[in-house]
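Heads up: the structure comes next, in structure tokens.
The values are calculated or read from the model by the stated rules, or taken from the named source; none is laboratory data. These numbers were taken from a predicted model, which means no experiment stands behind them. Virtual Cβ from ideal backbone geometry, glycine too; neighbours counted across all protein chains shown.
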Amino acid sequence: MSKAIVQGFIVLATFAIAIFCLTQINWMKMLHVESSLQKLEESLGDRVFNSLRLDADEIHGANAALDSMLHKLCEANNLENTIELHVLHSDEVNAFALPGNKMVFYSALITEAENADEVAGVMAHELAHIKQNHVMKSLVQQFGLQFLFSAVSGNAAEAFSSVTQFLSTNAFSRDMEKEADLIGLAYLEKAKVNPAAFVNFMVKLDSIQKEEGLSLYSWLSTHPDGIDRSEYLSEKINPDKSHYESIISEETWSDMIARLNEFEK
């Protein structure tokens, strides 16, 4: 028997085995599992966000400007924009991602920034967490699927309190945070937004927190050291790229800040 015929038999046998294996897979069951996980994520996001709104009022006046920023980031990076943005009134300088493609900004983080590009840096970082599926990976690792399914299927207020606290404080590993930093930086550069603004914002928050010992700067305290981050991010910034643009107009930025300040009164 020639070598070519033997090789032909091997190919046919391999193909037959592959077909047999595929027919043994319960595709409907797999699709059901995927659908259940998607519903779990959406339910978790809704429940956690609703629990956050019990302690903080939602501010709708800033959404148009933030949506415009998000649209520009997603469009420049060919990302599907399925993000649901929310702004909550709080003195805490924080922003975080929730299950179900939700992103939450506390008003104090926005008003602490000097310009829209600083906020865009935080947004790009949180967008990276969402697109890398860091949220659900961290939740499953921390609590387990059984706990999460039980939490959404019953009236488990205590369980959701734990989940909410975890997501708004220390949800991600340092590796995930660094990955989100670097991917977020790439998002900014593709959108022609100067990533140095994000780095400067981190350094500023780090300095304020260390000098004044303020516990309200949660976004910084739940991430790697601000100085360390600024160093490795600065090394990744493309020195040959200089044609940057503000992510939104100065007028749009000023209008958003005015709306947030008006809410304070």
* Quick one: is Phe198 modelled with pLDDT of 80 or more, crowded, with 20+ Cβ neighbours inside 10 Å, closer than 30 Å to Asp57 by Cα and not aliphatic (A, V, I, L, M)? -> yes
* Please tell me if Ala159 is at pLDDT 85 or above and of a type in the set (Gly, Ala, Ser). => no
* Give me the pairs, please: first residue somewhere in the range 35-57 and of a type in the set (Lys, Arg), second residue anywhere and surrounded by 13 or more Cβ atoms within 10 Å (Cβ to Cβ), beta-carbon distance under 6 Å, and either six or more positions apart or on two chains. => Arg47/Phe160
* In the set Ala62, Ala76, which member is under 30 Å from Glu118 (Cα atoms), at pLDDT 95 or above and surrounded by 10 or more Cβ atoms within 10 Å (Cβ to Cβ)? -> Ala76
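Is it the case, given these coordinates, that Ser107 is farther than 16 Å from Ala191 by Cα, buried (at least 18 other Cβ atoms within 10 Å of the Cβ) and without any contact (Cβ under 8 Å) to a residue 40 or more places away in the chain?
Answer is no for this residue.
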* Assuming Lys190 fulfils every condition listed in (1) of a type in the set (Lys, Arg); (2) more than 16 Å from Phe96 (Cα to Cα); (3) touching a Pro at 6+ places or on another chain (Cβ under 6 Å) apart from one, which condition is it? -> (3)
* Structure fact -> Filtering the range 84-97 for residues that are crowded, with 22+ Cβ neighbours inside 10 Å and at pLDDT 95 or above leaves a count of 1
* Asked: Given the conditions (1) more than 16 Å from Leu188 (Cβ to Cβ); (2) of a type in the set (Gly, Ala, Ser); (3) in contact with a Lys or Arg (Cβ under 9 Å, 6 or more places away or on another chain), which single one is not true for Gly100?
  -> (3)
